Amino acid sequence: QVQLAESGGGLVQAGRSLRLSCAASGSGFSIAGMGWYRQAPGKQRELVAGITRIGNTDYAESAKGRFTISGDNTKKAVYLQMDSLKPEDTARYYCNTYTRPTYYDWGQGTQVTVSS
């Protein structure tokens with residue numbers, strides 16, 4: 001079973017950058033099919049970026065041109081570089097699969113707060 005732990009969030013001003021990290025443990029993990037999600041208070045969790053099964057990347061419209069997802073199978077890690085942050089990016093960010101039929105157990109997430 002794969003366990004996930006997110007880190008790297010924080011409080012930043014609009015226009016600044018953050019790099020989130022997702023560390024995986026357990027067997028069977030691959031960065032292919034992994035994604036970053038976020039959930040703002042009162043809103044549903046949404047997928048913002050993903051690495052497809054063949055290694056391409058997918059982005060939500062809100063993330064295109066500003067966020068970059070990457071990963072390293074040797075380190076069992078997935079990253080989300082977030083540039084030009086906006087207040088509407090404020091949310092708790094999680095990593096998880098977006099191609100498997102079932103999610104891995106969700107981690108604690110990492111809070112990103114962007115001030116205007």
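The values are calculated or read from the model by the stated rules, or taken from the named source; none is laboratory data. Just so it is clear, the structure is predicted and the values come from calculations on it, not from any experiment. All Cβ positions, even for glycine, are placed from backbone atoms using ideal geometry, and neighbour counts span all protein chains on display. Accessible surface areas use protein heavy atoms only, side chains included; no ligands, DNA or RNA. Shrake-Rupley method; radii C 1.70, N 1.55, O 1.52, S 1.80 Å.
Any idea which residue in the range 8-45 is nearest to the chain's Cα centre (by Cα), counting only those that are charged (D, E, K, R) and outside any loop (DSSP other than H, G, I, E, B)?
ARG38
Consider ASP58 carefully, then state whether it is open to solvent by 30 Å² or more (accessible area, probe 1.4 Å), part of a strand (DSSP E or B) and either out of contact with any Pro (no Cβ under 6 Å at 6 or more places or on another chain) or touching a residue at least 24 places away in the same chain (Cβ under 8 Å) (or both).
Taking the combined requirement at face value, the residue satisfies it.
Return a yes/no flag: does the range 106-114 have any residue that is over 14 Å from the mean Cα position of the chain (by Cα), of a type in the set (Val, Ile, Thr) and not in a loop (DSSP other than H, G, I, E, B).
yes
Mind counting the residues in the range 75-103 that are part of a loop (DSSP other than H, G, I, E, B), modelled with pLDDT of 95 or more and within 18 Å of GLY26 (Cα to Cα)?
Number satisfying all stated conditions: 2.
Pick out the one residue from ALA63, ALA49 that is assigned to a loop (DSSP other than H, G, I, E, B), hydrophobic (A, V, I, L, M, F, W, C) and open to solvent by less than 70 Å² (accessible area, probe 1.4 Å).
ALA63
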